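**Q** Could you have a look at this structure, given as structure tokens, before my questions?
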Amino acid sequence: MVEAMAKITEKKHLLIVGKSAEARHELVNSLVETSNRQVYRFPANIERFDEYLEHMRRLFPFVPINWKEQNPKKWTLNQIWDFHLDWTDHTHSILIVIEEFGEMEERWKIEILRDYFSKSYYQEQPNTSRSNFQLIVTQQEEGNMIDKLSSVFGLKEHEKRTATQVIQGKLEVINLD
């Protein structure tokens, strides 16, 4: 089962739902062990956007350690988010893991995931579906994630697919129940 999912992660992002948090965590650990990508793992149960940004600052080396102590005009949360956006745009062969993301503030959860999927969508090359990064997200329930993401997802000008089709093509929902 893990080997089959590992192959899926080469082309699609994963949303793992169902069973217990421990079961989802064990599956993620197995997937991480089989990955040949550099792994950036957020701690489980992030609930607020500022927590996400704080953990991002810890994970991403280009954000200064003392960013809060510096001139607030220089290192704002918006700038940290911008660094993150640039990083996902220009980094190759990485795996981003966000576990138990279901408790995150809904609007920020959708915005964060929308950004990841938008980056992945705009990085698409003709004749290949492989993106610069892969994303694994776990939460208790799917919670209409595809519909929510589709409703805020922007498409390229001459795109023939619908937003729902793009999201479904990029995201594999794995239900462990």
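No lab work stands behind these numbers, since they all come straight from the coordinates. These numbers come from a predicted model, not from an experiment. Reconstructed Cβ throughout: ideal geometry from the backbone, glycine too, with neighbour counts over all protein chains shown.
**Q** Given 0.36 nm per residue, what is the gain on full extension from residue 55 to residue 165 after removing their alpha carbon distance, in nm?
**A** 36.5 nm
**Q** Considering amide H positions built from the backbone, and no H for Pro or chain starts, which residues 5 or more places from residue 15, or on another chain, come under 5 Å of its amide H?
**A** Answer set, sorted by chain and number: 137, 172, 173, 174.
**Q** With a ≥ b ≥ c taken as the square roots of the eigenvalues of the C-alpha gyration tensor of the stretch 93-165, please select rounded if a/c is under 1.5 and otherwise prolate if a/b is larger than b/c or oblate if it is not?
**A** Judged from the Cα gyration tensor, the stretch 93-165 comes out oblate (a/c at least 1.5, b/c at or above a/b).
**Q** Next question. Arrange the following residues from fewest to most other Cβ atoms within 10 Å of their Cβ: 57, 48, 37.
**A** 48, 37, 57
**Q** So how far apart, in nm, are the two label points at residue 173 and residue 115 if each is 7 Å from Cα heading toward Cβ?
**A** 2.5
**Q** For each of 174, 167, count neighbouring Cβ atoms within 10 Å of the residue's Cβ, then give the residues from fewest to most.
**A** Lowest count first: 174, 167.
**Q** Per residue of the stretch 133-142, what does 6.51 cos²θ - 1.76 cosθ + 1.60 with θ = phi - 60° give for ³J(HN,Hα)? Whole Hz please, x for Gly and Pro, Karplus curve as stated.
**A** Karplus values, whole Hz, x for Gly and Pro: 9, 10, 10, 10, 10, 10, 6, 4, 10, 5.
**Q** Another question, if that's okay. Per 0.36 nm of contour for each residue apart, how much would the distance between residue 132 and residue 158 grow if the chain were fully extended, relative to their Cα-Cα spacing?
**A** Answer, rounded to one decimal: 7.1 nm.
**Q** Rounded if a/c is under 1.5, else prolate if a/b beats b/c, else oblate: with a ≥ b ≥ c from the C-alpha gyration tensor eigenvalues square-rooted, which is the stretch 1-45?
**A** Oblate shape, in that a/c is at least 1.5 and b/c is the bigger or equal ratio.
**Q** While we're here: Under 5 Å between amide H atoms, partner at least 5 residues away or on a different chain: which partners does residue 97 have, H built in plane at 1.01 Å?
**A** Under 5 Å from the amide H of residue 97 lie the amide H atoms of 40, 41, 42, 136, each far enough along the sequence or on another chain.
**Q** Shifting gears a bit: Which of 92, 13 has the fewest other C-beta atoms within 10 Å, and how do the rest follow up to the most?
**A** If I rank by nearby Cβ atoms, fewest first, I get 92, 13.
**Q** If the cut-off is a Cα-Cα distance under 13 Å, which aspartates and glutamates reach residue 19, setting aside same-chain residues fewer than 8 apart in sequence?
**A** Those aspartates and glutamates meeting the cut-off are 100, 141, 142, 177.
**Q** Ok, one more. Between residue 48 and residue 142, what FRET efficiency follows from the Cβ-Cβ distance if R0 is 25 Å, with the result rounded to 0.05?
**A** According to the calculation, E is roughly 0.70.
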